[in-house]
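Okay, structure first, notes after.
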Amino acid sequence: MRRAGITLAAVLVLAADAFVLLEAAYNRSGSPATAIELTEWELRLVRPQRESTALFLELAWEPAPGRFKFEDGPGWFDQAKLEELGYDCRLPLTDPSARTHYRAMPAKDAFVVLEYNKAAWGGGAEDRWLWSRLLAVDAGRGLAPLRKKYSDMGRFLIIPGSVRLIYSEKWDANLRSYAPGAYLRGAVVEILVSEISVPPSERRVLGSLTRTSEYFTAPDARTRGPRYSAILYHGRNHEPWIGSCRLIAAAQR
Amino acid sequence: MGESAGKREAQQRADRIRAFREELAELEREGALTLDRAQRAALESHLQRTLASLTERFDIDTTESQKHISWGMRIASTLGGLALCAAVVLFFQRFWGFLDIPAQVLVLVVTPLVLLGATEFAARRERTLYYASLLSLATFGAFVLNLSVLGSIFNLTPSRNALLAWGTFALLLAYTYRLRLPLAAGLVCLVSYLAATFSSWWGGQWLSFPEKPETFLLGGLVLIAVPALHFQRRYAEFNWLYRTFGLLTVFLAILILSEAGSLSYLPIRESRLEMMYQVAGFAGAGLSVWMGIRARLAGVANLGAAFFALLLYLRFYHWWWDWMPGYVFFLVISLVSIGMLALFQKLRKQTGEAVRP
């Protein structure tokens, strides 16, 4: 029994690892499904822990969670889109239990379309200069219809993410209650692989840089702009990897 | 009889011998029983031989202080295992950046295999298995690190199948060496895997499974049922862990749903759902107490009683807290507690009468 147990445990380790490596090889086999060059604004440099030597680029997109205002309205991610993604929105919003009913709905898997718009937020006020130029513009359950609709691979990323139904309402501080006019909207809450490891070959480019969150606090960050760009590939399983990274010289900015 | 089952029975016998010696000394002091010198010598010699033989074969605790030290060793081996896990993870993170991808993969694949070998080595060298337990926990941690870091290196989509692989691996370690620590880790992984699978079947994202307590119910019920399996009879020392973990999972899920019905999948009005789960909670707790007393499983009965009390106090809070003065509320709680105490006392007496010849 004991020998069988140890053998099975060892076989399980090796089989699981072989499966992972085959998955990774399959994803990167053939020509990439998408290849797009993004800057530090969209791929933010993160280091997981103080002692860690690992380096990741985190995909940032807009609207980032928490950026919504009630007045913005649902936009493209309205009730019809939510129903298309499988949310049951039949309970009227006037029902007394609507708030708790809709707020308890879990996130769902979906393909998310991110459009890379270099000109977005140009000359914007407040802190918009540091917002990502990748904008969530659509979501769907199937990949093929989205590929057909957004065929420009250099402009649109179609990748797996998760979406959530939001019961949106406005709090009236004077009346200390919610104002009428609640509506349902959706939000892209997560990209399934948003933290992408920097391969050892590219560490020499990015290794000496501070984290992007620290760089944003530097006084000249706004005028200097992003410090690097990287080519982001997606493969057959829609899983990403970083191709080559390059530093953006000050004169080019 | 398996070695561990033998050890359990050996320990029970050693405990009985210790109790017998204490009672014999008490009876002699009270004058109820007097052994002559020859009888005493023969008895003492027999008991010594029995204890020596049990210690030789199973490395059991023969005194109260040995038992206390064993508990300390168990705690130390758990903490040591956890610390070793953390050391392996932090060591890899510290040097990850200096390795190329093939070297990273090699280190990740080899580490759990080396630790598995170390666990086997320790298990062969030491019958008490404290070091094997410590190393098994580190082996499990290394396998968790293995799959999660490989996923990070190649940017793979998180998959619930990793939970299945980790759970199976931990159970293999637990059943191979008869260790409880990896069993507990494995049960957490497998219950989470079942919950994630349900979440996915219901159309949600699998990672959102903790938001829906109902996804844990089936996993909890399965764990409660495992000790009844024929296969499990050879591993009776694991049964309490299955029952405790299963009951805690089910009770916790019911407790959350009885307070927040909106977290349910069922298309029923929230207030009705909460009431439904409150009734289910009281019924489940009552059943647990009854089963615990009937099958002489103290842990099951105590857990059921604690959950029953918790549900009851929560109901009282919802019903009375807002309109009742604080002192009256706590007086009522105190009176109810006294009532429950009387009820349990009566139940205890009846149970005592039932087992009396």
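Listed by position, the helices (runs of 4 or more DSSP H) inside region B:129-225 whose residues that are within 10 Å of chain A (Cβ to nearest Cβ) and at pLDDT 95 or above number at least 1 are B:130-153, B:161-177. Screening B:Leu79 with (1) more than 12 Å from chain A (Cβ to nearest Cβ); (2) surrounded by 13 or more Cβ atoms within 10 Å (Cβ to Cβ) gives one miss only, at (2).
Criterion applied to A:Leu184, A:Leu165 was being within 14 Å of another protein chain (Cβ to nearest Cβ), over 15 Å from the mean Cα position of the chain (by Cα) and not hydroxyl-bearing (Ser, Thr, Tyr), and the one residue passing it is A:Leu165. Total residues in region A:69-87 satisfying the condition of being within 14 Å of another protein chain (Cβ to nearest Cβ) and open to solvent by 70 Å² or more (accessible area, probe 1.4 Å): the figure is 2. Counting the residues of region A:178-207 that are open to solvent by 20 Å² or more (accessible area, probe 1.4 Å), at pLDDT 90 or above and among the polar types (S, T, N, Q) gives 1. Pairs are defined by a Cβ separation below 7 Å, a sequence spacing of at least 6 or placement on different chains, a first member in region B:307-330 that is within 16 Å of B:Gly286 (Cβ to Cβ), and a second member that is modelled with pLDDT under 85 and assigned to a helix (DSSP H, G or I); the pairs so defined are B:Ala309/B:Met340. Can you say whether A:Arg222 is open to solvent by 30 Å² or more (accessible area, probe 1.4 Å), closer than 30 Å to A:Thr100 by Cα and not polar (S, T, N, Q), as far as the supplied structure shows? No. Every listed requirement among (1) away from every other protein chain (no Cβ under 14 Å); (2) without any contact (Cβ under 8 Å) to a residue 60 or more places away in the chain; (3) crowded, with 18+ Cβ neighbours inside 10 Å is met by A:Gly66 save one, (3). Taking the criterion of being open to solvent by 70 Å² or more (accessible area, probe 1.4 Å) and either among the aliphatic types (A, V, I, L, M) or at positive phi (or both), the residues of region B:57-76 that qualify are B:Ile69, B:Met73, B:Ile75. A:Ala9 meets all of the listed conditions (1) in contact (Cβ under 8 Å) with a residue 24 or more places away in the chain; (2) touching a Leu at 6+ places or on another chain (Cβ under 8 Å) but one, namely (1).
Filtering region B:300-312 to residues that are touching a helix residue (DSSP H, G or I) at 6+ places or on another chain (Cβ under 6 Å) and open to solvent by 50 Å² or more (accessible area, probe 1.4 Å) leaves only B:Phe308. Residue check, A:Arg211 against (1) closer than 30 Å to A:Gly140 by Cβ; (2) under 19 Å from the mean Cα position of the chain (by Cα), all met but one. Which one? Failed condition: (1).
The residue list B:Ala14, B:Ala86, B:Ala103 contains one member that is loosely packed, with under 13 Cβ neighbours inside 10 Å and either hydrophobic (A, V, I, L, M, F, W, C) or touching a Ser or Thr at 6+ places or on another chain (Cβ under 9 Å) (or both), which is B:Ala86. Consider region B:114-128. How many of its residues are modelled with pLDDT of 85 or more and surrounded by fewer than 18 Cβ atoms within 10 Å (Cβ to Cβ)? Final tally of qualifying residues: 6.
The values are calculated or read from the model by the stated rules, or taken from the named source; none is laboratory data. It should be emphasised that the depicted structure is a prediction, and the values quoted were computed from it without experimental measurement. Neighbour counts are summed over all protein chains in view; Cβ atoms, including those assigned to glycine, are modelled from backbone coordinates with ideal geometry. Please note that ligands, DNA and RNA were not included when accessible areas were found on the heavy atoms of the full protein model with its side chains. Shrake-Rupley method; radii C 1.70, N 1.55, O 1.52, S 1.80 Å.
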